[in-house]
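Before any comments, here is the structure.
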Amino acid sequence: MNPGNPMTFPPPVPEIPAANVDKAAVYYVNTLGFTFDWGDDQGGIAGISRGNCRLFITNRSFRESYGNMGPILFWLNLNSKAEVDELFAQWKAAQAKIVSEPEDKPWKLREFTAADLDGNLIRVFYDFRSDMTDEPRQTTPRLILNSISAQLFVANIKSSCDFYTNKLGFAVEFIYGDPPYYGQVIRDNARLALRLVFEPVFVGDVRKREHLLSASITVNTANEIKQLFLSYQASGVSFYQALKKEPWGATTFIVSDPDENLILFAGPVAD
């Protein structure tokens, strides 16, 4: 990897835990407007997509190797307040499970929250801090889901930001609160939201014992996943799992952050 021309990350692909892959996929397709791409409950995994947003739905038997369980929360980043309101109206009309309606938050995000059949939460937002003029923003004829952000629970916002910027090559997108209790880091198309908590979110050592992932990030080539691993190794990153080839045709490694959040990085076995 050329240090002067670092690899770019595509949007991360969250793994959505479900009791039944087929039933979950039907909800995402018929209610939330996704397209079914491949897979079924018998195989344990299915892929769905809408625009640039990709999701993997997995059942319990598929997740046994890592043990990640639900429910989870993931973010969808839209291009305007109008798109947030439009998607809310579409999902409400389709009788999606609405948790909260669109609202402008103090941290400059307009957002609403929906849920799927398994209680996983979908937080739809637009960052309106960049709206510097009153000129109407141009929107595409068809609404496009722009990106996804995994939410990590941390004990110290500054320490976590230092780890993700100094060790993993991310940049701080924003920090909110005095003292800070919320923030986001970004690298290319990969976004991670950081939420301050003062009490344990997980019971005991369940994350290590059950291999519970907090986020999954993909790269495009076998060379990129190898070079990324080597660069993190040289930076002294703590690995929960070293680079390995998985039986389903991926090369993966898992990083453990200072709060023991497990971040999976994955790429193809061969280019």
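Where a number appears in this text, it was derived from the coordinates with a stated rule and is not lab data. Quantities reported herein were computed from a predicted structural model and do not represent experimental measurements. Cβ placement follows ideal geometry from the backbone for every residue including glycine, while neighbour counts extend to all protein chains displayed.
Data table
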{"quantity": "Selection within the range 168-182 - free of Cβ contacts under 8 Å to residues at least 24 places away in the same chain, out of contact with any Gly (no Cβ under 6 Å at 6 or more places or on another chain) and surrounded by 14 or more Cβ atoms within 10 Å (Cβ to Cβ)", "calculated": "Phe170, Val172, Glu173, Pro180"}
{"quantity": "Residue list for the range 22-61, filter: polar (S, T, N, Q) and in a helix (DSSP H, G or I)", "calculated": "Asn30, Ser61"}
{"quantity": "Failed condition for Asp118, given (1) part of a strand (DSSP E or B); (2) acidic (Asp, Glu); (3) within 19 Å of the chain's Cα centre (by Cα)", "calculated": "(1)"}
{"quantity": "From Ser159, Ser216, residue being in a helix (DSSP H, G or I) and among the small types (Gly, Ala, Ser)", "calculated": "Ser159"}
{"quantity": "Hey, Val185 of a type in the set (A, V, I, L, M, F, W, C), touching a Cys at 6+ places or on another chain (Cβ under 7 Å), assigned to a strand (DSSP E or B) and surrounded by fewer than 18 Cβ atoms within 10 Å (Cβ to Cβ) or not", "calculated": "no"}
{"quantity": "Where Asn52 falls short, out of the listed (1) closer than 22 Å to Gln184 by Cβ; (2) surrounded by 15 or more Cβ atoms within 10 Å (Cβ to Cβ)", "calculated": "(2)"}
{"quantity": "Among residues of the range 238-271, those that are closer than 22 Å to Leu194 by Cα and either small (Gly, Ala, Ser) or buried (at least 18 other Cβ atoms within 10 Å of the Cβ) (or both), counted", "calculated": "14"}
{"quantity": "Qualifying residue in the range 86-100 (condition: over 16 Å from Tyr28 (Cβ atoms), touching a residue at least 24 places away in the same chain (Cβ under 8 Å), of a type outside the set (Gly, Ala, Ser) and surrounded by fewer than 17 Cβ atoms within 10 Å (Cβ to Cβ))", "calculated": "yes"}
{"quantity": "Top-ranked residue of the range 101-115 - restricted to ones that are in a strand (DSSP E or B), touching a Lys or Arg at 6+ places or on another chain (Cβ under 8 Å) and not hydrophobic (A, V, I, L, M, F, W, C), ranked as surrounded by the fewest Cβ atoms within 10 Å (Cβ to Cβ)", "calculated": "Glu103"}
{"quantity": "Residue check, Ala24 in contact with an Asp or Glu (Cβ under 7 Å, 6 or more places away or on another chain), surrounded by fewer than 17 Cβ atoms within 10 Å (Cβ to Cβ) and hydrophobic (A, V, I, L, M, F, W, C)", "calculated": "no"}
{"quantity": "Residue list for the range 206-247, filter: within 23 Å of Ile72 (Cα to Cα), touching a residue at least 40 places away in the same chain (Cβ under 8 Å) and not basic (Lys, Arg)", "calculated": "Glu210, His211, Leu212, Leu213, Ser214, Ala215, Ser216, Ile217, Thr218, Val219"}
